[in-house]
Every structure is written in C-alpha cells, then in structure tokens.
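Read the structure below first, then the notes.
Laboratory data are not the source of any read-out in this text; all were calculated from the coordinates shown. Here the structure is a predicted model, which is why all the values come from computation and not from measurement. Positions of Cβ are backbone-derived with ideal geometry, glycine not excepted, and every protein chain shown enters the neighbour counts.
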Amino acid sequence: MPLETLPRVFSSGRILPMKIPYMDLSIKNLEERQELLSAIDKVFQHGRIILGPEIIELETSVAKYCQVKDSVGVSSGTSAVNLALTALDIKAGDEVIVPALSWIASANAIAATGAKPIFVDIREDLNIDPVAIEKAITNKTKAILPVHFMGKLCDIPAILKIANQYQLHVVEDSAQSFGATFEGKVAGSFGIMGCFSMNAMKVFAGLGDSGMITSNDTELTEKIRILRYCGMVDKIESHYLGLNAKMDTVQAAILLVRLKKLNALIEKRRKIAKNFDNELKGIAKIPIEKAGYKDVYYGYTLQVANRDKFRKYLDEQGIETKVQHWPLMPDQPTYAHCRNDFYPNAKKIVNEIVNIPNHENLTEIEQTYILDKVKSYFHANT
Ligand SMILES: *Cc1c(COP(=O)(O)O)cnc(C)c1O
C-alpha cells in the first residue's frame, strides 16, 4: 500500500487525514497477479490469439451466469449496444428511447446506427421512468434502451409491459450491472438482448476493453458473431456492414479468472454498501435497494442538495468522489439537436448525485473514515 494511504490511528481513536482514491485498479495481491499472468501465458503458448478458445469458454460461462442461451464477446460495451441495435435492423429514421442520465456511450451507440436517441426522464432511484417511456413513444420508435444505472435494475416489469403493448424491443444496457438481479433473474436476461461492458472500471472488469451481448435468441447472437467480424460469414463472403468489434482472447482469459471470483466480489461491495446504509440512513439521501432486487453497487450514489460544496469538503479531507454522469447526455453539444422537455427530474438530479468511494478493497478503517467525514459534513450543513 502506498504510504499516504496507510491508516494512522492514534490511541485516542482519532484517525489522521487519509487519502482515499475513488478507485485503484492496480492489483495488490501477488497470488491474484500470478493467476492472471498464468491465464495470459496460456494464450501466449497456444497462440490462438484471434477469437481463441478462451472467448468461447467465456461466452458459455457468461450465458450460464446470465441465465440465457447464448452470449457473444465483443470489443467494448459501446460496441455491444451498437451491435445489438444493428442486429435488430435499427437504422436512420428510427427512434430509440433512452434515459437522459447515463454514460454518453449509451446515446452514441444508438446514434451510430443512424437512429435518433429520444431522451426521457428518470425516477428518484436514478433509473428510467416507465411513465416517461410511454409518453415518448411515436410511430418511429423501435426500441427501448433502459440503463440499469449504478448496479441497480430498472423497473423491469413495467418496462416489459409497455414494450409488449407497443411491440418494441427492449435492449438492456447492463454495462453497470453485471450480476444485479430482480426476483432471482439477472441483468441481461429480461430484454431481447442484454449488453455488458467489462472495461477496467466496471464491477466485472477486465484489464482493458471488452463487452458482451446476452440473448435467448440464437439467430441474433449468430448475426452478431458475423457483425463483429466485419460482416464476414466465412473467410470469403461479407453479408452485412459490420466493423471490427471482436473481443480480445487475452481479455477473455482474464475475465474467466475474474468471473470465478465475481460473486465474492459483489458480496464485498454489498457489505460495504450495507455498512454505509446503516450509518447514513436518516442523515443523507442514500441509494435504496428495493424489495426483490439485488443491487451490485457499481457506485454508491448519494443525492446532496449542495453537491459541489459537499465534494469540496470531502476532497479537503482526502476523499476522492465522482459524479456519474454529468452533464446529462442531451446537454452534451453532440446532442444539441435531441434536447426536449421530457426529463425535468433528470435535470435536477444530475446536479445532486455524487459517488463516494465504495470499491471492494476499501478497508474497514477507510470505510469508517469516509463515514465520519460524510456525517460531519451533514452535521455542519443541515
Ligand atoms: C461503461 C458503459 C458503457 C460503455 O462501455 P465501454 O466498454 O466503456 O465501451 C455503456 N453504457 C453504460 C451505461 C456504461 O456505464
């Protein structure tokens, strides 16, 4: 551990200033590093670097984990969403409904098909509002792209009901929610397809970029296998306009190692979140895990009226925070032509959200330090 992050606790119980980064992607554990290195070394040895056996193994394992028939490894979460929509023939002239609050990749993946992203509102839980979805439907609407935000599943029953009623596809942007469940059913198993990112920051993370698409429709997953390889059906013929979006075999090797430990890692995150919940309820506006849902806490998001003052205070205490994601996607210059009046709640909430560090390697002392500082802020400011 770097010196400045070492806890300095005095006999009085007082903890001196610490430095707590929002995230630390280095791998401290030697055994873990060796396990990953030997998995990569196997790829070096067999030499099947392009779409190697680890990818097929990962696709089988992820399909099983996600309770679906098939899954396809691709180059990123952004390409996963883009390929899923492309496989559904979504194109220029179509509309896809998406929450105003998400990582910009959600909207870009839609826009790159030629379709128009229609931004709609979120609820207090930061997830897309089904009522707002229904209001935004036109005769051009082809699909809904709900984003399971910060490790929490959307109101899936309500979304599926609307989609069914209006004959729309549901493609789940599950990039932030691998392993999150509702009534035991896992993210990526509800819609026609589920899209994941395993970039280094996600809960289920590789050490580089990759993504995954899950589905029970094997015609679609086979089409995506063609699309990810420049539309090639075999070594000679190209049937669709596809770009290169293959997953790297080395990433698949890393992810296979990490998948084995994923449930334990999620439990660590949930334990930290429950500790934060217990200590902060009634003091701060905390993320609520609804009955029947299991959240994986990609981030632990507080909603604070004077967000920037709160961040500045924590920053002075050595605690790094993160706002995911400001500004709203339609407030980006790229989407100036897509702004509408459909998301008043998101406009307000985007100025209140702030994530405190919650990664699985936080020590108990670090958790206590964060809680002390958050509490002292609210004690002085309410
Ligand atoms: C991370 C993320 C993506 C994109 O994933 P990449 O692998 O970084 O391309 C898409 N949607 C959401 C909601 C994300 O958080």
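Quick notes on this structure:
- Angle between the chain longest axis and helix 218-227 axis [Cα atoms, degrees, rounded to 10]: 90
- Overall form of the range 86-175 per C-alpha gyration tensor (a/c, 1.5; a/b vs b/c): oblate
- Taking θ as phi - 60° and the Karplus parameters 6.51, -1.76 and 1.60, the scalar couplings of the range 92-98 work out to 3, x, 8, 10, 10, 8, 9 Hz in sequence order, x denoting glycine and proline.
- Relative to the longest principal axis of the Cα atoms of the chain, the long axis of helix 364-381 lies at roughly 80 degrees.
- Fewest-first sequence of 379, 239 by Cβ atoms within 10 Å of each Cβ: 379, 239
- Share of pairwise Cα separations in the range 225-284, more than 14 Å, in percent: 72
- Considering all different alpha carbon pairs of the range 139-261, the Kirkwood hydrodynamic radius works out to 15.7 Å.
- Distances between placed amide hydrogens fall under 5 Å for residue 353 paired with 304, all partners being 5 or more residues away or on another chain.
- The order of 359, 337, 325, going from fewest to most other C-beta atoms within 10 Å of their C-beta, is 337, 325, 359.
- Toward the positive end of the charge dipole of the range 25-158, with +1 on the Cβ of Lys and Arg and -1 on the Cβ of Asp and Glu, the farthest Cα among 85, 53, 68 is that of 85.
- In summary, the convex hull built on the alpha carbon positions of the chain has an orientation-averaged projected area of 20.0 nm².
- Each Lys and Arg adds +1 at its Cβ and each Asp and Glu adds -1 at its Cβ; summed about the Cα centre, the range 24-168 shows a dipole of about 380 debye.
- Sorted largest first, the spans of the alpha carbon positions of the range 42-151 along the three principal axes are 54, 32, 25 Å.
- Values of log10 I(q)/I(0), in the order q = 0.13, 0.19, 0.25, 0.32 Å⁻¹, for the range 334-382 under a Debye, Cα-only, solvent-free model: -0.56, -0.77, -0.99, -1.13
- Remark on the range 19-84: ratio of C-alpha radius of gyration to 2.2 N^0.38 Å is 1.44.
- Unit charges on C-beta of K, R, D, E only; dipole of the range 150-224, Debye: 180
- Summed over all non-identical Cα pairs, the Kirkwood treatment of the range 242-369 gives a radius of 17.5 Å.
- Only the Cβ atoms of Lys and Arg (+1) and of Asp and Glu (-1) were treated as charged; on that basis the dipole of the chain about its Cα centre amounts to roughly 540 debye.
- Whole-angstrom gap from the range 92-147 to the range 183-250, using each part's C-alpha centre: 20
- Set of the range 267-286 residues, backbone N closer than 13 Å to the point 7 Å along the Cα-Cβ line of residue 316: none
- Taking a sphere under 11 Å around the Cβ of residue 215 and counting the other residues whose Cβ falls inside, with K and R at +1 and D and E at -1, yields a net charge of -3.
- Relative packing of 218-230, 293-305, which averages over residues the other C-beta atoms within 10 Å, highest first: 293-305, 218-230
- Rounded to the nearest 10 degrees, the angle from helix 307-316 to the longest Cα principal axis of the chain is 60 degrees.
- Equivalent ellipsoid dimensions for the range 287-343 as semi-axes, Å, which come from the Cα gyration tensor, largest first: 25, 21, 10
- Scalar couplings 3J(HN,Hα) for the range 202-215, obtained by applying the Karplus form with A = 6.51, B = -1.76, C = 1.60 to θ = phi - 60°, are 6, 5, 9, 10, x, 10, x, 9, 6, x, 8, 10, 10, 6 Hz; x denotes Gly and Pro.
- The slack in the chain from residue 271 to residue 57, taken as 0.36 nm per residue of separation less the alpha-carbon distance, amounts to 74.0 nm.
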